[in-house]
Amino acid sequence: SQQGEEDPQALSIQEGENATMNCSYKTSINNLQWYRQNSGRGLVHLILIRSNEREKHSGRLRVTLDTSKKSSSLLITASRAADTASYFCAEPFSGNTPLVFGKGTRLSVIA
Amino acid sequence: KAGVTQTPRYLIKTRGQQVTLSCSPISGHRSVSWYQQTPGQGLQFLFEYFSETQRNKGNFPGRFSGRQFSNSRSEMNVSTLELGDSALYLCASSLGLQGETQYFGPGTRLLVL
């Protein structure tokens, strides 16, 4: 399956700590995207990193991409309680679907 | 710009009934995709419409269908509902280039009893 896999499945940290989530995928990609979903709501796009990029920043978010290992990581620095959500990586699967999502990492930030 | 809207937000149906969900994309977006999200299967792609044509289809039975209108609004229909169809149905819109950023609506939560 093309579906990406996030790791860990769940993560619980204290406010102010950093949170790192990883994503592995199986085939070549044009880009990889990260989304956030608050409980039972729609997904919000966080960041898109293209296959020729190795690192990208957006505010407290840092995404890295290692195409040789077919993996990406999302780092949230100085986490806040409002960062509590599920985080998904997604990559386009050419020929069939616009985006294929992994199962997600459920992040809990404890105040 | 207004975001993606979905109606209704919540729906309760019984087995065997049919349901129609609606999605209004962001103004100017021509692509609308539908996803089903369940705790067990996660986010699964249903289908994508672009300029009133179904461009991609996921691995779902024929009971799941959709369409897109000339104003890019989209509807999806599920006939002969089963208990397993209980899920959050998410609609996402984009300009139309495959693999680009998707903008999601809040979802329609369907409960089949």
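The residues in segment A:8-22 that are over 9 Å from A:T105 (Cα atoms) and touching a Phe, Trp or Tyr at 6+ places or on another chain (Cβ under 7 Å) can be counted, and the count is 0. Confirm whether A:G40 is part of a loop (DSSP other than H, G, I, E, B) and within 14 Å of another protein chain (Cβ to nearest Cβ). Yes.
The residue that is nearest to A:K103 (Cα to Cα), counting only those in segment B:35-65 that are more than 9 Å from every other protein chain (Cβ to nearest Cβ) and among the small types (G, A, S), is B:G40. B:I12 passes every criterion in (1) touching a residue at least 40 places away in the same chain (Cβ under 8 Å); (2) part of a strand (DSSP E or B); (3) closer than 22 Å to A:G102 by Cβ apart from (3).
Sort out which residues of segment A:74-92 are polar (S, T, N, Q), away from every other protein chain (no Cβ under 14 Å) and either farther than 14 Å from A:G104 by Cα or touching a Gly at 6+ places or on another chain (Cβ under 6 Å) (or both), and write them in order of number.
Once the filter is applied, which keeps residues that are polar (S, T, N, Q), away from every other protein chain (no Cβ under 14 Å) and either farther than 14 Å from A:G104 by Cα or touching a Gly at 6+ places or on another chain (Cβ under 6 Å) (or both), segment A:74-92 yields A:T77, A:S79.
Can you pull out every residue in segment A:75-99 that is surrounded by fewer than 23 Cβ atoms within 10 Å (Cβ to Cβ), at pLDDT below 95 and part of a strand (DSSP E or B)? Answer for segment A:75-99, where residues must be surrounded by fewer than 23 Cβ atoms within 10 Å (Cβ to Cβ), at pLDDT below 95 and part of a strand (DSSP E or B): A:P92, A:F93. Selection of first residues in segment B:95-113 that are on the phi > 0 side of the Ramachandran plot and more than 8 Å from chain A (Cβ to nearest Cβ) and of second residues that are outside any strand (DSSP E or B) and modelled with pLDDT of 90 or more, restricted to Cβ pairs under 8 Å at least 6 apart or on distinct chains, gives the following pairs, ordered by first then second residue: B:G96/B:H29; B:G96/B:R30; B:G96/B:S51.
Here is the figure for segment B:70-97: residues that are surrounded by fewer than 19 Cβ atoms within 10 Å (Cβ to Cβ), out of contact with any Asp or Glu (no Cβ under 7 Å at 6 or more places or on another chain) and within 19 Å of B:Q54 (Cβ to Cβ) total 8. Is it the case that A:T27 is surrounded by fewer than 19 Cβ atoms within 10 Å (Cβ to Cβ), in contact with a Lys or Arg (Cβ under 7 Å, 6 or more places away or on another chain) and of a type in the set (S, T, Y)? No.
The values are calculated or read from the model by the stated rules, or taken from the named source; none is laboratory data. Since the model is a prediction, treat every value here as computed from it, not as a measurement. For neighbour counting, all protein chains shown are included, and Cβ atoms are generated from backbone atoms with ideal geometry for every residue, glycine included.
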